[in-house]
1. Restricting to the range 357-373, count the residues that are over 19 Å from S301 (Cα atoms), touching a helix residue (DSSP H, G or I) at 6+ places or on another chain (Cβ under 9 Å) and either aliphatic (A, V, I, L, M) or assigned to a loop (DSSP other than H, G, I, E, B) (or both).
2. Look at R452 and say whether it is modelled with pLDDT of 90 or more and either on the phi < 0 side of the Ramachandran plot or among the acidic types (D, E) (or both).
3. Can you tell me which of V100, V117, V126 is surrounded by fewer than 19 Cβ atoms within 10 Å (Cβ to Cβ), at pLDDT 85 or above and over 25 Å from M172 (Cα atoms)?
4. Quick check on the range 313-333. Is at least one of its residues among the hydroxyl-bearing types (S, T, Y), in contact with a Lys or Arg (Cβ under 9 Å, 6 or more places away or on another chain) and either exposed (fewer than 15 other Cβ atoms within 10 Å of the Cβ) or assigned by TED's automatic domain parsing to the domain that holds I393 (or both)?
5. Given (1) assigned by TED's automatic domain parsing to the domain that holds H375; (2) under 30 Å from the mean Cα position of the chain (by Cα); (3) buried (at least 19 other Cβ atoms within 10 Å of the Cβ), identify the lone condition not met by E514.
6. Anything in the range 510-528 that is within 18 Å of F493 (Cβ to Cβ) and in contact with a strand residue (DSSP E or B) (Cβ under 8 Å, 6 or more places away or on another chain)? List them, or say none.
7. Quick check: anything in the range 507-529 closer than 29 Å to V295 by Cα, of a type in the set (D, E) and part of a helix (DSSP H, G or I)?
8. Has the range 280-299 got at least one residue that is out of contact with any strand residue (DSSP E or B) (no Cβ under 8 Å at 6 or more places or on another chain), modelled with pLDDT of 70 or more and of a type in the set (S, T, Y)?
Amino acid sequence: MFDQHLILLRRASRWSRPTKRGIVLGVDFALSIVAAIVAYSLRIGIWVIWDPALAKLIALCSTLFLPIFAAYGVYSAIFRYAGSGMMRTILYAGIAYGLVLGTIVALGIFEGIPRTVGLIQPLIFVSLVVVSRLMMRYLMIDLLGKLGFEGEIKTLLIYGAGNAGQQAANAMRSDPAIRLLGYIDDDERLHGQRLDGLPVFHSEALPDTLQRYAVTDVLLALPRISRSKRHKIVQRMENLKLRVKTLPPMKDIVDGRVSLSDIRDLEVEDLLGREPVAPNELLLGRTVVGKTIVVTGAGGSIGSELCRQILKIGAEHLVLFEMSEFALYAIEKELRATKAQTGSRIGISAHLGSVRDATLLERLLERYRPNTIYHAAAYKHVPLVEANPLEGIRNNVLGTLTLVERAVKYGVADFILISTDKAVRPTNVMGASKRASELVVQAFAERYPEIRLSMVRFGNVLGSSGSVVPLFRSQIASGGPITITHRDVTRFFMTIPEAAQLVIQAAGLARGGEVFVLDMGESVQIIDLARTMVHLSGLTIKDDKNPDGDIEICEVGLRPGEKLYEELLIGGSPQETKHPRIMMALEDRLPLEKIQAAAEVFVQTDDGAVAIEVLRELVPEFVARQASPKRA
């Protein structure tokens, strides 16, 4: 019998909206009659099913409520999602209906209807309508939606009992895969209280609460929380096997509504990035607004984000230059889609090629006559450049030299080299070649002061193609182990959007020859990063203390040229700038003639060892480091 009722309910849930709306109207019509009978009977003191005065009251109520409720949008709502918004709509419609009915009855137009019935009937009717909507919601969501569900059911707690948390709870009630237990909140006054029937637990007892109720998922419904606070919350859950999810920032939650599509897994980027600093609009616009801009390496992690930011700020023309066909195709397609969505009028051109191709660069710069060049093209993968030193040196050093020479020839106003922290006291060919690239730009800046040639140096960006983050993600997805080179390795990290935005602002500060250094915050131990990513995946670390864990972390030894830690400054005492997260370094320079002589060797030799020796003459602080053996 129960199964038959369930089948009928499921069939009803598939009816068309006009059919459902007609049924709801019929139910409300019946409730209006019931409310009239009850109100009339209460007023005269005996139960009356029918008499002339009651018939007039029923006709009056049935005639009035429908146009008033329809005008207030009561029948425009989706009934299965009846919540506080729908209840407010019914309340406002009920007040309007009560005022009209009460006025008509009070005027004595309909003989025999007691005046107080004009107040009693709307109260009873609105109450019955609210109850009917709640019952409808229960039947369609709590009963129909979850009975018979055969998939995995997640046991979830919402961290944050504020508006965002309550909206998220409302969105989750219709999901049969979620069993919502309640809220966790830092406010002691809410402990033991109930919100919409769900209990609120205090955050001090977070680990005990999670274990006691066998929670599998926690949703951080704290869109305004700082990253440091979010990190502390996650750390308190590190030893528990659960998944952590989050809502987008408050600025992305439109009109106060939260849907299940807004909820996503908490990523390590949410924990390691810093709190955003409002950008300086003048600095952002100086090298972008109304300019023709070339971005080399436009398909890479930093290059592509520079293109996105430039499109958002508003240049006149953006020229994408990239040697990877697929990377260029992907970023051009994305930018054109964004341009169509936003109505931007910026011109976009895409060109395949290498920065070492002088003829191609001549044609490109002569055609577009750019105002600004952001040079992000480089070989940056340390082990690959270490294994192919001559190609790495030619691409990074000769490519920069070739591009700068053409930029000077065609009167580019601003040239910005994207550099790396590995250029500081380098221990590998990649870092040394990037330091030599900096020296190229500095030498030309000294020779041609009318052009603003500058460099921006920073560390790792989260999620880039060469970052450990995507590597760890893939290793976790395949069941491990996670491989780290050394448990003491530390690195600076920054989100890609923040890095690109700071690069553009640093370009706005340039006067010529500066090495700008981005404030990367505190360095992060790679082994801690690996542990955090495992915990965020709802898994546990497998080690001596927990042999039944899910993911093992293994040390494989430092790779050739790899350092335990990175630096951002060659010298000390960096100068402050107008931006709190951009510093300016004062570093030694080389004459242009010495750099050009070294470049001749890089062009002519086919011996990587010879090229490395010449590179050492340019960068005397370059001390190659051999790989360390794997720990037992």
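1. Within the range 357-373, residues that are over 19 Å from S301 (Cα atoms), touching a helix residue (DSSP H, G or I) at 6+ places or on another chain (Cβ under 9 Å) and either aliphatic (A, V, I, L, M) or assigned to a loop (DSSP other than H, G, I, E, B) (or both) number 6.
2. Considered against the rule, which asks whether it is modelled with pLDDT of 90 or more and either on the phi < 0 side of the Ramachandran plot or among the acidic types (D, E) (or both), R452 comes out as yes.
3. Within the list V100, V117, V126, the selection yields V100.
4. Within the range 313-333, not a single residue is among the hydroxyl-bearing types (S, T, Y), in contact with a Lys or Arg (Cβ under 9 Å, 6 or more places away or on another chain) and either exposed (fewer than 15 other Cβ atoms within 10 Å of the Cβ) or assigned by TED's automatic domain parsing to the domain that holds I393 (or both).
5. Exception for E514: condition (2).
6. V517, L518, D519, M520, G521, S523, V524, Q525, I526, I527 - these are the residues of the range 510-528 that are within 18 Å of F493 (Cβ to Cβ) and in contact with a strand residue (DSSP E or B) (Cβ under 8 Å, 6 or more places away or on another chain).
7. Scanning the range 507-529 turns up no residue that is closer than 29 Å to V295 by Cα, of a type in the set (D, E) and part of a helix (DSSP H, G or I).
8. Scanning the range 280-299, I find no residue that is out of contact with any strand residue (DSSP E or B) (no Cβ under 8 Å at 6 or more places or on another chain), modelled with pLDDT of 70 or more and of a type in the set (S, T, Y), so the answer is no.
The values are calculated or read from the model by the stated rules, or taken from the named source; none is laboratory data. Since we're looking at a predicted model, the values are computed, not measured. Please note: Cβ atoms are built from the backbone with ideal geometry, for glycine as well, and neighbour counts cover all protein chains shown.
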